[in-house]
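> Have a look at this one before I ask anything.
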Amino acid sequence: MNATPAEPLSLVINPDYLRDPHTVHARLRASGSAYPLLLPNGTRAWVVTRYGDVRAALTDPRLAKDAVQVREIIARQLAETGQRVQMSHLFPRHMLNGDPPDHSRLRRLVAKPFTQRRIQQLRPRVLEITEDLLDAMPTDRPADLIGSFAFQLPITVICELLGVPLERQADFRRWTGTLLGGGHLAAVEKAARELNGYMAELIAAKRARPADDLLSSLVHVDEAGDQLTEEELLGTAVLLLIAGHETTVNLIGNGVLALLCAPDQWELLRGDMTLLPQAVEELLRYGSPVRLATYRYTTEPVRIGDTVIPEGELVLLGLGSANRDPDQFDEPHLLDVSRSAGGHLALGHGIHYCLGAPLARLEGEVAIGRLIERFPRTRLAASPEQLRWRESVIMQGMEELPVHLRP
């Protein structure tokens, strides 16, 4: 067993890391099975980076996700450094922050609208929104593919599904960016409080005047006498709004950037659009929208590979690192849209596998496919080194992606 490192490695969220986290991840994979990190918000967590270890950890019941326990661990760590943060709005109760049997119950109550069959019924609407967005994008000057397209498509779709007015989308983007940014917890708690307050008002309105939308259905869901509690309802609504667009924003943005930086792969896909479904899997692997899975904690000492993580420690699982592990994928740093990328962990694994995976795949296929078909000569309007990446521990995505759209 490897000796535990004396001091945690400080994870510095600087432009170099954001632009190229893979160099750091490769160093961590080489250093051992798990390594302690000091995160920018002042908390400590162990990061697991090797594919086999990450995949196994995603199904290990000793790595729990109970929101109350995570809050207590973070509060204890911060108290040790003299920090006091109000955490009542952080880590709400929903299926991503829960363990069986609560997790199983919550997932069952909200899963029906996200089956493969039901999601495929959305294809015409997703295509319609995509065409409208592409119609509105400028071709006489650089266009921001993130703000004008990659963000707009999934936020429109999930807001329509939930019955959330699109007029607050600027707030949604700001709140989500703060919540997933990994910055100071006081700012994160403030964003969570504002988002929760808005969603609570909307839930009250849906209860008084139900509509034909998912949020109204969640308010009144009843399966064998089982219903969501008020806390569960609020947490689930917030989760669906955030998770329902975040992954796809980065799938589209990171995917298009990867293709534009590998023109041979762009042309290969353009020449054979039947490759699109497996190309989306490769783009998920290559540019993992989620860099690190959300917090877990050890309920007892847990051996991961050659390292034992003590009880009561936070753990982050490196999905992005696992998807670039050369022990699992041949030449993982090369983009190959003809690759069989099955087994990637971009959307998780096990009981917390992304509920919205079918929707993310559908939106990615439609968005990237139609962009290539309508603007086959699209080029970057800035060098990759000039791009600004989001300052997030969890998510991997760009603030903007300037492109020249050329028919």
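> Of the residues 25, 103, only one is closer than 26 Å to residue 236 by Cβ and part of a helix (DSSP H, G or I); which? If you could, list the steps in order and put the result at the bottom.
Numbers: 25 fails: closer than 26 Å to residue 236 by Cβ.
Only one candidate passes the filter, namely 103.
> Let me ask something else about it. Just to be sure, is residue 72 modelled with pLDDT of 90 or more and part of a helix (DSSP H, G or I)? Talk me through it step by step, then tell me what you get.
Values: modelled with pLDDT of 90 or more: no; part of a helix (DSSP H, G or I): yes.
Against the criterion (modelled with pLDDT of 90 or more and part of a helix (DSSP H, G or I)), residue 72 does not qualify.
A quick yes/no check of all residues on (1) out of contact with any helix residue (DSSP H, G or I) (no Cβ under 7 Å at 6 or more places or on another chain); (2) of a type in the set (A, V, I, L, M, F, W, C):
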| residue | (1), (2) |
| --- | --- |
| 145 | no, yes |
| 162 | no, yes |
| 172 | no, yes |
| 186 | yes, yes |
| 189 | yes, no |
| 192 | no, yes |
| 199 | no, yes |
| 204 | yes, yes |
| 211 | yes, yes |
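> Can you tell me which residues in the stretch 376-407 are within 15 Å of residue 266 (Cβ to Cβ) and either crowded, with 19+ Cβ neighbours inside 10 Å or in contact with a His (Cβ under 9 Å, 6 or more places away or on another chain) (or both)?
377, 378, 379, 380, 401, 403, 405
> Just one of the numbered conditions (1) polar (S, T, N, Q); (2) part of a helix (DSSP H, G or I); (3) surrounded by fewer than 23 Cβ atoms within 10 Å (Cβ to Cβ) is not true of residue 321; which one?
Going through (1) polar (S, T, N, Q); (2) part of a helix (DSSP H, G or I); (3) surrounded by fewer than 23 Cβ atoms within 10 Å (Cβ to Cβ) one by one, residue 321 breaks only (3).
So that you can scan it fast, the table gives a plain yes or no per residue for (1) closer than 21 Å to residue 241 by Cα; (2) in a helix (DSSP H, G or I); (3) touching a residue at least 12 places away in the same chain (Cβ under 8 Å); (4) hydrophobic (A, V, I, L, M, F, W, C):
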residue: 45; (1), (2), (3), (4): no, no, yes, yes
residue: 96; (1), (2), (3), (4): yes, yes, yes, yes
residue: 113; (1), (2), (3), (4): yes, yes, yes, no
residue: 127; (1), (2), (3), (4): yes, yes, yes, yes
residue: 132; (1), (2), (3), (4): no, yes, no, no
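> Which members of the stretch 174-190 meet the condition of being of a type in the set (Gly, Ala, Ser), under 18 Å from the mean Cα position of the chain (by Cα) and surrounded by fewer than 21 Cβ atoms within 10 Å (Cβ to Cβ)? Before you say what the answer is, go through the steps one by one.
From the stretch 174-190, those of a type in the set (Gly, Ala, Ser) are 177, 181-183, 186-187; that's our starting set.
Going one step further and asking which of them are under 18 Å from the mean Cα position of the chain (by Cα), we end up with 177, 181-183.
177, 181, 183 - these are the residues of the stretch 174-190 that are of a type in the set (Gly, Ala, Ser), under 18 Å from the mean Cα position of the chain (by Cα) and surrounded by fewer than 21 Cβ atoms within 10 Å (Cβ to Cβ).
> Now for a separate question. Step by step: first the residues of the stretch 261-288, then only those that are among the small types (Gly, Ala, Ser) and farther than 17 Å from residue 345 by Cβ, then the one that is surrounded by the fewest Cβ atoms within 10 Å (Cβ to Cβ). Which residue is that?
In the first step, residues of the stretch 261-288 are kept if they are among the small types (Gly, Ala, Ser); the result is 262, 271, 279, 287-288.
Pick out the ones that are also farther than 17 Å from residue 345 by Cβ and you get 262, 271, 279.
On the way: 262: 16, 271: 9, 279: 28.
Checked the stretch 261-288; the qualifying residue surrounded by the fewest Cβ atoms within 10 Å (Cβ to Cβ) is 271.
> Of all residues in the stretch 225-279, count the ones that are without any contact (Cβ under 8 Å) to a residue 40 or more places away in the chain and of a type in the set (Asp, Glu).
So the count comes out to 4.
The values are calculated or read from the model by the stated rules, or taken from the named source; none is laboratory data. Because the structure is predicted, anything quoted here is derived from the model rather than measured. Neighbour counts run over all protein chains shown; Cβ positions are idealised from the backbone, glycine included.
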